[in-house]
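Asks: Handing you a structure now.
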Amino acid sequence: MTDIMLMINDRKVMVAKSELSDVLAEFEVDELAELLQYRYATPWNHGKDILEKLLYILEDILYIYSKDPDLPKEEVVRDVKLRINAKVNK
């Protein structure tokens, strides 16, 4: 597995290899909200466990990129939406 990092910067989540200069993808807040709404059929402002669900999505992004850092962002978005390659210990 590849060492992958998630960074939150300027209202975005960035995925990078160990070195900060090698950013693989950036996920803006609107994209993360879309993933959350699609995957859990829950609007942003509803439910006390919304942050936990967001963390699951971020964990899946991290896990998928750590397995294959060369995946295009679009494939990762699809995999997260459909729970393909999701981390199984939730």
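The values are calculated or read from the model by the stated rules, or taken from the named source; none is laboratory data. Source: prediction; values computed, not measured. Because the Cβ atoms are built from the backbone with ideal geometry, glycine has one as well, and the counts that use them run over all protein chains shown. The accessibility values were calculated without ligands, DNA or RNA, using every heavy atom of the protein model including side chains. Shrake-Rupley method; radii C 1.70, N 1.55, O 1.52, S 1.80 Å.
Asks: Which value, in Å² rounded to 10, gives the accessible area of residue 64 with a 1.4 Å probe and all protein chains present?
Replies: 0 Å²
Asks: Ordering 7, 1 from largest to smallest accessible area (1.4 angstrom probe), what's the sequence?
Replies: Heavy-atom accessible area, descending, gives 1, 7.
Asks: Sticking with this structure for a sec: Taking K and R as +1 and D and E as -1, what net charge do the other residues with C-beta under 11 Å from the C-beta of residue 27 add up to?
Replies: Overall, the nearby charge balance is -2.
Asks: Using a 1.4 angstrom probe on the protein heavy atoms only, could you order 79, 30 from most to least accessible area?
Replies: Descending order: 30, 79.
Asks: Just read off the accessible area of residue 18 with the full protein assembly in place, 1.4 Å probe, to the nearest 10 Å².
Replies: Surface accessible to solvent at residue 18 totals approximately 70 Å².
Asks: Taking a 1.4 Å probe, which of 24, 55 shows the most accessible area, and what order do the others take after it?
Replies: So, going from the largest accessible area down, we get 55, 24.
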